[in-house]
Amino acid sequence: MKRFWQKFVCVSVVLVLGCMFFVGCSNERYLKKFAKKQNTYNIDLVLDTDVMTASGYEKFEYENRTDSGVETLVFHLYPRAFREGASVKPYSNLSEARCFPNGVDYGDISINEVKVNGKKSQINFVGEDDDKLEVVLQETCFHGDEIDVEIWFDLELPNCTHRFGYFENNINLGNFYPILAVKENGEYDMTPYYANGDPFYSECANYNVSVTVPESFSVFSSGNETKREEVNGKVKTRFSALSVRDFALVIGGNFEVKTASNKKYNVNYAGYKEDKDLEGNAKLAFKAVEFFSEVFKEYPYQNLNIVKTPFVHGGMEYPGLVMISDTLSTEEEKHKVIVHEIAHEWWYGLVGVNETKDAWIDEGLAEFSTALFFDSVSGYGISYNQMVNDAITSYTLYVDVISSIDRSLNTKMNLRVNEYLNEYEYTYMIYIKGILLFDDLMKITGKEKLTKALSKICKDYAFSNIDTDIFTESIKRSTKKDTDAFFTSYLEGDAIIGKVH
Ligand SMILES: [Zn+2]
């Protein structure tokens, strides 16, 4: 995600179907190798855009690939955070007005029925805010056993500019379906939908998704469109995505698309019909995908959709789809957000992290990767040095201001998202200090060694998850530099920014 951090300082349709079917055959074979070892979500969603609700059906095909027996499966129900009376809200007081321009509104997901291997199962809400679905299996599922979990659900969309909601012409469907929580050391990750950061953590899986909407709406999603048909006067579009760690959609009635392609992938920029910069944004997005493909690892999917939409923050990343806020005030800010969100396709998408506790990795790298891109691509009035110098100025000003009013200044980067006092503290420690960490690291390792080390991480850990230990050890091993003290001083909050070098 990209936050409006610069502001905080001051305050102190064309169809692309044709291309879709022609590219990416070699990538498909590559993805299938990983897809075979992953679970599959089959989701059917029918939207009623008159009342902004949807009826959904999910069949989750699960195989136990662990050595332990599994008795229960736990699914995050992120839309429940939008319900009236939720104790953990996905927006802060600071962002509430931007999130709900028409006044606070509520949304929800209701679970109507759950079946395990065709047999009806109890519906248990668990978690700190009853925001998870626990499915108790009739029998222990052992290594190699396969089970199907079917979930019938209804969505109620809030009128808001968040990841899940509708506003003006658009519908954002991020984190909208029951998704399996990650289990580590015998425990499911039960983190609720906090306002800070992107509090998500998931495993890569395969998706077959259909969405039915009135003909006047365009649908952009993760994955590839595979079929479009008319059903009861509406249009049902099917998508498939192999080896992605989430699936999201943006649906709207006022889009125009420009596409930049090569033989392997299409980069589609969907802006509004009245926009004059569609082609330029599509070219920028394509250059970013090319650049990160060359520096880190080739983009493995056939499509990347960059979609302009009402959004409370600067932008939001999902595999194969990113949301770009339609309220970005300058061209410079928009260009940075586009590249930042695209960088997340590598740092979050390909190489996953638990964003509830290791957000410095994916956000720091998304910012640093953006700066590397603008170091190599000119013509946008943005430079590596300018991004780093802006970050130093912002960070030192923040530290000075907070120190002058509150002696308990926190400069740790390794806290859980909810342990940061507010979104300012989170933004300064994760994004701004994040880019500074990588800039400083590059002074120790040199640019070539660092980018090679990052590329190796992309290749070694593609479609899996890493954590702070794996990341820092990999950097140390690849660069042959003893970076232990360096990482500790940054992450624990001891590094003195702006005066070290
Ligand atoms: Zn981000």
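Since every read-out is calculated from the coordinates, none of them should be taken as a lab result. If you're wondering where the values come from, they're calculated on a predicted model, not measured in any experiment. Cβ placement follows ideal geometry from the backbone for every residue including glycine, while neighbour counts extend to all protein chains displayed.
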Among ARG3, ARG238, which comes first, then next, by fewest other beta-carbon atoms within 10 Å? ARG238, ARG3
Show that you can apply the helix-only estimate: for the chain, add -39,500 (n - 2.57) for every DSSP H stretch of four or more residues, divide by all residues, and state [θ] at 222 nm to the nearest 500. -9000 deg cm²/dmol
What's the Cα-based Rg to Rh of segment 368-491, Rh via Kirkwood? 0.99
Could you tell me the center-to-center distance, by alpha carbons, between segment 56-131 and segment 249-308 in angstrom? 31 Å
Likely footprinting exposure, MET413, MET52, MET190, fewest C-beta neighbours within 10 Å first: MET190, MET52, MET413
Hey, what do the phi angles of segment 170-179 turn into as Karplus ³J(HN,Hα) couplings, whole Hz, using 6.51/-1.76/1.60 and θ = phi - 60°, x for Gly and Pro? 10, 10, 9, 10, x, 6, 9, 10, x, 10
Can you work out ³J(HN,Hα) from phi for every residue in segment 46-52, in order, using Karplus 6.51 cos²θ - 1.76 cosθ + 1.60 and θ = phi - 60°, giving whole Hz and x for Gly and Pro? 10, 8, 9, 6, 6, 10, 6
Distance check, please: which entries in LYS2/LYS273; LYS32/LYS264; LYS412/LYS433; LYS264/LYS334; LYS287/LYS334 exceed 18 angstrom between their Cα atoms? LYS2/LYS273; LYS264/LYS334
Two-site label geometry, ALA97 and LYS480: point separation in nm, points 7 Å out along Cα→Cβ: 5.7 nm
Using the 10 angstrom Cβ neighbour count as an exposure proxy, how do TYR428, TYR420, TYR461 rank, fewest first? TYR461, TYR420, TYR428
